[in-house]
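Peer 1: Here's a structure for you.
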Amino acid sequence: MGSYETGITETVRTFFSEYTVHDIIRHIGKTKASAVTGWLDDIKLRPERALIIGSYFTGAFIAESLDCEVTVVDINPQLKFLLGEGVEFHDSIHDMSGTWDLIVDTTGLGGVGEDELSGLDSGAFLVEDPTSDGSDGTIMRLNETEERLDMIESDYRGSLRTWGLRTKTSGTMTLTVEVLRRSMADIMELDGVLYSTATLEFFERLLFRKKDPAGFLSRLESTALMVSSLRDVDCDTVLERNLSMIKSRVIPADLFK
């Protein structure tokens, strides 16, 4: 049930989740990474050299899940801290030309283009689809997943798709915020609950504008969910129920052409 403390009076208690915001991010990231490794098992590919374009959460978790030599490229060098030991990092894709066993593009909306992908060759090529089951028309029109899949010659091609919460995009932070929002709403339906709150702020500004990785990580370690209630509340069960709704899989390119 997590911990609690008394509030204004002994009758009112505040309940805290064991989950931190970072725990929610880890769950979502590992769900996506498992979809990738599952697809590699399905096509019986065991890469020896993999290139991941984009080192934010999806790229970092996929890099962690691969049992091979992994190179990650990202124009934001401050994201290197998300990568584990042994992962090679570069801030320019133009140094990455050549043949790879696996290339994964996680750059999403407004990400890499044909000029950046030219010169790359791969046995398998994956593009993370930034849209989800709640994407609006504007977002859908800016989705270039299919176009990117045609930019690299490979034997196996597919898109990594994530859905389940009807979010506008499949981004890990988008999904994290929606898990928190839904969990607060769900808890408010419980008898005896006064109010619910979550650690919600524009985390990414710390990383991409202030370039403060330490501050970013520190905020992510905050308690995810807190509830003021007259009766016992299990915050983690509610969070887990919403997390369980998130699904991720690789769709082979020939199935959506």
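Peer 1: Could you order I43, I75, I187 by accessible surface area, starting with the largest, using a probe radius of 1.4 Å?
Peer 2: Values: I43 35, I75 140, I187 0 Å².
Result of the area sort, largest leading: I75, I43, I187.
Peer 1: If the chain between L255 and D91 were fully stretched, how many nm would it gain, using 0.36 nm times the residue separation less the Cα-Cα distance?
Peer 2: Values: separation 164, 0.36 × 164 = 59.04 nm, distance 3.33 nm.
That works out to 55.7 nm of additional length.
Peer 1: Explain nothing, just the number: dipole magnitude of the chain about its Cα centre with +1 on each Lys and Arg Cβ and -1 on each Asp and Glu Cβ, in debye rounded to the nearest 20. Before the final figure, lay out each step's value.
Peer 2: Details: 26 positive and 44 negative charges, 145 e Å.
With only Lys, Arg, Asp and Glu charged at Cβ, the dipole is about 700 debye.
Peer 1: OK, next. How much of the DSSP beta bridge set in the chain is antiparallel, as a percent to the nearest 5?
Peer 2: 45 percent
Peer 1: Where does the Debye-calculated log10 I(q)/I(0) of segment 196-241 sit at q = 0.14, 0.19, 0.20 Å⁻¹, using only Cα point scatterers of equal weight, no solvent?
Peer 2: With one equal scatterer per Cα and no solvent, log10 I(q)/I(0) is -0.46, -0.68, -0.71.
Peer 1: Take the Cβ-Cβ distance between R209 and R181 as r, set R0 to 25 Å, and report the resulting FRET efficiency rounded to the nearest 0.05.
Peer 2: Rounded to the nearest 0.05, the efficiency is 0.60.
Peer 1: Past the 26 Å Cα-Cα mark, which pairs from K30/K80; K211/K247; K44/K168; K32/K168; K80/K210?
Peer 2: From K30/K80; K211/K247; K44/K168; K32/K168; K80/K210, over 26 Å: K211/K247; K44/K168.
Peer 1: Rounded to the nearest percent, how much of the accessible area of the chain (1.4 Å probe, protein heavy atoms only) is carbon and sulfur?
Peer 2: Answer for the chain: carbon and sulfur cover 47 percent of the accessible area.
Peer 1: For the chain, what value does the Rg/Rh ratio take when both radii are computed over Cα atoms and Rh is the Kirkwood radius, given to two decimals?
Peer 2: On the way: Rg = 20.0 Å, Rh = 19.5 Å.
That ratio equals 1.03.
Peer 1: Please give, to one decimal in nm, the separation of the simple spin-label points placed at M245 and D115, each 7 Å out from Cα toward the Cβ.
Peer 2: For the pair M245/D115, the computed spacing is 4.2 nm.
Peer 1: For n ≥ 4 DSSP H runs only, could you compute -39500 (n - 2.57) per run for the chain, divide by its residues and tell me the 222 nm figure to the nearest 500?
Peer 2: The helix contribution divided over the chain gives -9500 deg cm²/dmol.
Peer 1: What distance in nm separates the simple spin-label points at I8 and H22, each placed 7 Å from Cα in the Cβ direction?
Peer 2: About 3.5 nm, to one decimal.
Peer 1: Something else now. Just by accessible area at a 1.4 angstrom probe, what is the order of W163, W100 from largest to smallest?
Peer 2: Highest to lowest solvent-accessible surface, that is W163, W100.
Peer 1: When each pair of different Cα atoms in segment 29-167 is counted once in the 1/r mean, what is the Kirkwood radius in angstroms, to one decimal?
Peer 2: 15.1 Å
Peer 1: Excluding ligands, DNA and RNA, what is the solvent-accessible area per residue of segment 29-167 at a probe of 1.4 Å, expressed in Å²?
Peer 2: So segment 29-167 comes to 46 Å² accessible per residue, rounded to a whole number.
Peer 1: Okay, next question. Any idea which of T6, F125, L66 is furthest toward the positive side of the dipole for the chain, if Lys and Arg beta-carbons carry +1 and Asp and Glu beta-carbons -1?
Peer 2: It is T6, whose Cα lies furthest towards the positive end.
Peer 1: Quick one, what does Rg over Rh come out to for segment 26-101 if you take C-alpha atoms and the Kirkwood Rh?
Peer 2: Numbers: Rg = 12.1 Å, Rh = 12.7 Å.
For segment 26-101, the value is 0.95.
Peer 1: Tell me, what is the percent relative contact order of segment 161-257, built from C-alpha pairs under 8 Å that lie six or more residues apart?
Peer 2: 37 percent
Peer 1: About the Cα centre of segment 38-94, how large is the charge dipole given +1 on each Lys and Arg Cβ and -1 on each Asp and Glu Cβ? Please answer in debye to the nearest 20.
Peer 2: Magnitude of the dipole: close to 100 debye.
Peer 1: Once the Cα gyration tensor of segment 1-44 is found, what semi-axes does its equivalent ellipsoid get, as square roots of 5 times the eigenvalues, in whole Å, sorted largest first? Don't skip to the end; give the middle numbers.
Peer 2: On the way: eigenvalues 343, 11, 5 Å².
Output for segment 1-44: semi-axes of 41, 7, 5 Å.
The values are calculated or read from the model by the stated rules, or taken from the named source; none is laboratory data. Keep in mind that this is a model prediction, so the values were computed, not measured. FYI the Cβ positions are ideal-geometry reconstructions off the backbone, even for glycines, and counts take in every protein chain you see. Heads up: the accessible areas ignore ligands, DNA and RNA and are worked out on the full protein's heavy atoms, side chains in. Shrake-Rupley method; radii C 1.70, N 1.55, O 1.52, S 1.80 Å.
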